[in-house]
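The values are calculated or read from the model by the stated rules, or taken from the named source; none is laboratory data. Quick caveat, the model's predicted, so the values are computed rather than measured. Backbone-built Cβ (ideal geometry, glycine too); neighbour counts: all protein chains shown. Ligands, DNA and RNA are stripped out before the accessible areas are found, and what is left, the full protein with its side chains, is counted by its heavy atoms. Shrake-Rupley method; radii C 1.70, N 1.55, O 1.52, S 1.80 Å.
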Amino acid sequence: MASKPYDLDTLAVRAGQERSQFGEHAEALYLTSSFVFDSAAQAAARFSGAEEGNVYSRFSNPTVSIFQERLAALEGAQGCIATASGMSAIFSTVMALLKAGDHIIASRGIFGATQQLFGNIFARFGVETSFVETTNVDAYRAALQPNTKLVFIETPSNPLTEVVDIAAVAAVAHQGGALLAVDNCFCTPILQRPLELGADLVIHSATKYLDGQGRVLSGAICGAKALTDEVFKFLRTAGPTLSPFNAWVLLKGLETLKIRMEAQSASALELARRLEAHPKVARVFYPGLASHPQHALAMRQQKSGGAIVSFEVEGAREEAWRVVDSCRLLSITANLGDTKTTITHPASTTHGRISAEARAAAGIGEGLLRIAVGLESVDDIEADLKNGLG
Ligand SMILES: *Cc1c(COP(=O)(O)O)cnc(C)c1O
């Protein structure tokens, strides 16, 4: 400190900066690309890793670090690495932990872009993927090869809410010397903690419930530090890092995650029950309903059924589109995990680029609609859907 007190103008810029090392009440947004060093020697020590500290925001940033620590704590993980999107979390995990000649087993019911990434992009670099029946544990065992390094599942799946037995698939993966990664997007750690069930890695599209208000793209990988350290090495070099601003938005989102998940899940269960009783609805897919094929497993593995309800209208695309187009309240968008309820026709949007045969094999029919239930009243959501259901 200078001996003369700082001028007021200087204080207006600088005061409190000494306390900005996490003494602030709200988390600070460190919107900075790089960090300065006290000396050449410190710069060298930071770069070599001999001294811990921030260097450059492609490597680390305090606001991003707070998000990573908070999410790791929620998932019960030693380590967490944040990424620019959910897809870059999946991409970075495979790039960091696998090499040409390795093999992946993935469930058929994974997110459309993840299918494309595994089936088309990684295949070009010598990493082959076997896609197996989502809920059949024996199918995972039968697909094991000596070079299988990763088993990748998503549960509940999108859009059919199929539930995979995480503990059973973890046992199969470990028997084959492979890691199990679980995309925990639909449940979040509030409803399901895959690491406790034997998974090695939890992957998030934080774009969805972790933000919770449809604002930022983001992702994360959680797991043992030895694994997340490897992912970090890839990320700091390749660069699909989370921006500090988006991390700051996510921190605000995480503060309300628990009450949002509980409220939205409770509404989803109520909506699912009402839809199941509607004469124009052929079938409802919701893990919290007794009619769901994996209801018992879901209730063991999850705290509740989650906030995604899919249903098939009587008829095909025309009838399904009529429901979508009659909505005055629900948002027609492919996003999910928002406080605003969204409606999607998967066969013509999220799953539109998959071949018709593959779509039929996956059970995604033309009459299927997916509702990501938000915080509006169930009565209003139901009334909006009834406009088009008749
Ligand atoms: C949205 C989504 C992703 C991809 O996340 P982005 O943030 O859009 O890149 C991956 N998995 C699931 C289950 C998703 O819903």
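Using a probe radius of 1.4 angstrom, the carbon and sulfur fraction of the accessible surface of the chain is 55%. Angle of helix 257-276 to the longest C-alpha principal axis of the chain, folded into 0 to 90 degrees and rounded to 10: 10°.
Averaging 1/r across all pairs of distinct Cα atoms in the stretch 258-389 and inverting the result yields a Kirkwood radius of 14.8 Å.
If you average 1/r over every pair of different alpha-carbon atoms in the stretch 64-209 and take one over that average, what Kirkwood value in Å do you get?
On the way: mean 1/r = 0.0661 Å⁻¹.
Result for the stretch 64-209, one decimal place: 15.1 Å.
The residues of the chain expose on average 44 square angstrom of accessible surface per residue, using a 1.4 Å probe on protein heavy atoms.
Charged side chains reduced to their Cβ positions (Lys and Arg at +1, Asp and Glu at -1) give the chain a dipole of some 340 debye around its Cα centre.
Beyond 30 Å, what share of the Cα-Cα pairs of the stretch 8-255 remains, rounded to the nearest whole percent? Don't skip to the end; give the middle numbers.
Details: 9045 of 30628 pairs.
Of the Cα pairs, 30 percent sit more than 30 Å apart.
Computed about its Cα centre, the charge dipole of the stretch 258-389 is approximately 380 debye, with only Lys, Arg, Asp and Glu carrying charge at their Cβ.
Other residues lying with their Cβ under 13 Å from the Cβ of residue 221 contribute a combined charge of -3, Lys and Arg counting +1, Asp and Glu -1.
Estimated at the nearest 10 Å², the accessible area of residue 69 is 130 Å² with a 1.4 Å probe. Mean projected area of the Cα convex hull of the stretch 227-328, taken over all directions, amounts to 10.7 nm². Dipole of the chain computed with +1 at Lys/Arg Cβ and -1 at Asp/Glu Cβ about the Cα centre; of 115, 78, 37, farthest Cα towards the positive end is 37. Taking packing as the residue-averaged number of other Cβ atoms within 10 angstrom, the listed peptides 30-38, 132-140 run from highest to lowest as 132-140, 30-38.
The C-alpha atoms of the chain define a longest principal axis, and helix 317-326 lies at about 60 degrees to it.
Among the listed pairs 252/340; 99/208; 208/340; 149/303, those with a Cα-Cα distance over 22 Å are 99/208; 149/303.
Other residues with beta-carbon under 14 Å from the beta-carbon of residue 37 carry, at +1 per Lys or Arg and -1 per Asp or Glu, a net charge of -2.
Using the Cβ atoms and a cut-off under 10 Å, what net charge is assigned to the surroundings of residue 319, where Lys and Arg are +1 and Asp and Glu are -1? Before the final figure, lay out the partial values.
Values: positive: 280, 317, 322; negative: 312, 314, 318, 366.
Surrounding charge for residue 319 is -1.
Separation of the stretch 235-286 and the stretch 373-390, taken as the distance between their Cα centroids, equals 17 angstrom.
Between the C-alpha center of the stretch 144-185 and that of the stretch 318-364 there is a gap of 26 Å.
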